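The values are calculated or read from the model by the stated rules, or taken from the named source; none is laboratory data. Because the structure is predicted, anything quoted here is derived from the model rather than measured. Note that we place each Cβ from the backbone using ideal geometry, even for glycine, and neighbour counts take in every protein chain shown. Surface areas here come from the heavy atoms of the whole protein model, side chains and all, with no ligands, DNA or RNA. Shrake-Rupley method; radii C 1.70, N 1.55, O 1.52, S 1.80 Å.
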Amino acid sequence: MSQLLARTLAATAVLCLTLTACGGGVPDTGAPAPAAPDPLDTAPTAELVERARQEGQVVVYSFTSRIAQVEAEFERTYPGVDLLATDISSTEQIARIRAEAEAGSPGADVAYLSDAPVVLDELLAEGTVRNYVPPRIAGSVPDRFREPLLASRLSTKTLMYNEEAHPAGPPVTNLWELTDPQWRGRVVMVDPQVRGDYLDLMTEVVLRSPEMDEAHRALRGGPVVLGDGIGSAGEQWIADLYANDVVLVGDTDEVNAAVGARGQQDPPVGFTTYSDRRDNEDENRALQAATGVAPAPGIAFPALLGVTPDAAHPAAARLLVDFLMGDGSPDGGPGFAPFYVPGDYPTRTDVVPPSGAVPLAELGAWTIDPAVVAGRRGDVADLILTLG
């Protein structure tokens, strides 16, 4: 990709996020447009393999760099089918998929992305992506993760700390502590104005205002006092966090490096992806998830899979979705191996949690409702614009 194209896509993505957050791009949120039945949706895997080899390749846009590992395993499992993977953030991906659909030239066969509030309320409603649930695994995925778009796992944006510097456990047990002078300029996260999953995190905090108020009472002995123009305890926490010089960066790698690097005497804490802890050894880091934080350390959200209606390689697209959902082994096999790590939560009930994983209930992260978040994220984005 040329630098000019990359800059153009990035600018388009930021504009898309801003318009969406402010309500300018939100269409009627009625039921998703029904997709016409496709015989391939019920085809057995063996038939998909045969037809995929005739198609020769499949193109996927993915919000996770781990798609590179999937690519190698997929091509090893299905020789003759070339997987072309592009690692691109969900915000940029949404803008790109929409632009390509409007131009009548879809570039991807499969979209693997987060930012569920936008994906479900816009891309799916517009018919820019459609659902495909492999018949083989339908019975092992709960309804809420099969419809309206298939979710392969739950990912997170949650509070992380440096376990080398804090061997006794998290240095914070209440989100309101992050607004204290002790943590001024020492809380790191990706800017919610450029990453939808972080805007979802802030929105969930607002939606959970009664719990935020309860946590404030537990820590400070009284209710939250709202400032001028602030309407809820969650909004006040965001305002206080920004007033306490929260450090905003461009991507989670920067958060992970700032929080997790070994050898620090007094490292910051930050909101990032729990599963990034898998890279601790390779990156010489000591990232650890903060559990026991009131009222919650962050959010869990679905990682979604969709196929494009005019996919150039429709059989290979469905074969890839099937592969990403894992085989019949307890750990999901090679297609799910990159995601079979602590911090990723499989949606398939027949996949055994990986060793060392903190159960989602113990982590305590809020699991978002994409439709509810979609209805409030514009207001939260407006608030954040006034704080920057």
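Maximal additional length on extending the T173-Y242 stretch stands at 22.9 nm, based on 0.36 nm per residue less the C-alpha distance.
The value of relative contact order for segment 60-191, using C-alpha pairs under 8 Å at least six residues apart, is 18 percent. For E281 and V372, the difference between the fully extended length at 0.36 nm per residue and the C-alpha to C-alpha distance is 29.0 nm.
Put a plus charge on the Cβ of each Lys and Arg, a minus charge on the Cβ of each Asp and Glu, and nothing anywhere else: the dipole of segment 268-384 about its Cα centre is then about 200 debye.
Relative to the present Cα-Cα distance, how much length would full extension add between D41 and D87 at 0.36 nm per residue of separation? Taking D41 through D87 to full extension adds about 14.0 nm, to one decimal. Each peptide among 77-88, 121-132, 297-308, 212-223 gets the average number of other Cβ atoms lying within 10 Å of its residues, and from highest to lowest they stand as 297-308, 121-132, 77-88, 212-223.
What share of the DSSP beta bridges in the chain is antiparallel, in percent to the nearest 5?
Of those bridges, close to 55 percent are antiparallel.
Pop the C-beta distance of R136 and H166 into the FRET formula with R0 = 30 Å and round what comes out to the nearest 0.05. The calculated FRET efficiency here is 0.10.
Extending 7 Å from Cα along the Cβ direction at E214 and again at Q182 yields two label points whose distance is 2.4 nm. FRET efficiency for D143 and L360, Cβ-Cβ distance as r, R0 = 25 Å, nearest 0.05? Here the calculated transfer efficiency is 0.90.
Using only helices, what value at 222 nm comes out for the chain when you add -39,500 (n - 2.57) per DSSP H run of length 4 or more and divide by the total residues, to the nearest 500 deg cm²/dmol? Helix contribution divided over all residues of the chain: -11000 deg cm²/dmol.
Over segment 88-207, give the accessible area per residue in Å² for a 1.4 Å probe, as an integer.
30 Å²
Quick one: which of 136-143, 379-386, 191-198 comes out on top by average Cβ neighbours within 10 Å, and what's the full order, highest first?
Final packing ranking: 191-198, 379-386, 136-143.
Rounded to the nearest 20, the size of the Cβ-charge dipole of segment 155-311 about its Cα centre is 360 debye, with Lys and Arg at +1 and Asp and Glu at -1.
Using θ = phi - 60° in the Karplus curve 6.51 cos²θ - 1.76 cosθ + 1.60, the 3J(HN,Hα) couplings for segment 75-81 round to 5, 6, 6, 10, x, x, 10 Hz; x is entered for Gly and Pro. In terms of packing, defined here as the mean over residues of other Cβ atoms within 10 angstrom, the peptides 89-101, 107-119 line up highest first as 107-119, 89-101. The residue list P359, V372, P338 was ranked by how far each Cα lies along the charge dipole of segment 306-388 toward its positive end, using unit charges on Cβ atoms, and V372 comes out on top. Placing unit charges on the Cβ atoms only, positive for Lys and Arg and negative for Asp and Glu, gives the chain a dipole magnitude near 220 debye about its Cα centre.
Could you provide, to the nearest whole Å², the per residue accessible area of segment 292-331 with probe 1.4 Å?
Details: 900 Å² over 40 residues.
Accessible surface, normalised per residue, equals 22 Å².
If you take the beta carbon distance between D228 and Q265 as r and set R0 to 45 Å, what does 1/(1 + (r/R0)^6) give as a FRET efficiency, to the nearest 0.05?
Result of the calculation: an efficiency of 0.70.
Working from label points 7 Å from Cα in the Cα-to-Cβ sense, the Q69 to Q193 distance is 3.5 nm. Evaluating 6.51 cos²θ - 1.76 cosθ + 1.60 at θ = phi - 60° for every residue in segment 372-380, the Karplus couplings come out as 5, 4, 4, x, 10, 5, x, 5, 5 Hz, glycine and proline recorded as x. Within the shell of other residues whose beta carbon sits under 12 angstrom from the beta carbon of V187, the net charge comes to -2, with Lys and Arg scored +1 and Asp and Glu -1. Between E50 and T77, the modelled label-to-label distance comes to 2.0 nm, taking each label 7 Å out from Cα in the direction of the beta carbon. For V247, the residues whose amide H sits under 5 Å from its own are V187, V188, M189, ignoring neighbours fewer than 5 places away on the same chain, with H placed 1.01 Å from N.
Labels on offer are [x] 26.9; [y] 19.1; [z] 20.3, and the one holding mean projected area of the Cα convex hull in nm² computed from this structure is [y]. Ranking Y198, G185, S209 by how far each Cα lies toward the positive end of the dipole of segment 155-215 (charges on Cβ) leaves G185 at the top. Applying the Karplus relation 6.51 cos²θ - 1.76 cosθ + 1.60 with θ = phi - 60° to segment 208-223 yields 3J(HN,Hα) values of 9, 4, x, 6, 5, 5, 4, 5, 5, 4, 5, 8, 10, x, x, x Hz, where x marks Gly and Pro.
Contact order, relative form, for the chain: 26 percent (alpha carbon pairs under 8 Å, 6 or more residues apart, mean separation divided by residue count).
For the chain, the share of accessible area belonging to carbon and sulfur comes to 52 percent (1.4 Å probe, ligands and nucleic acids excluded).
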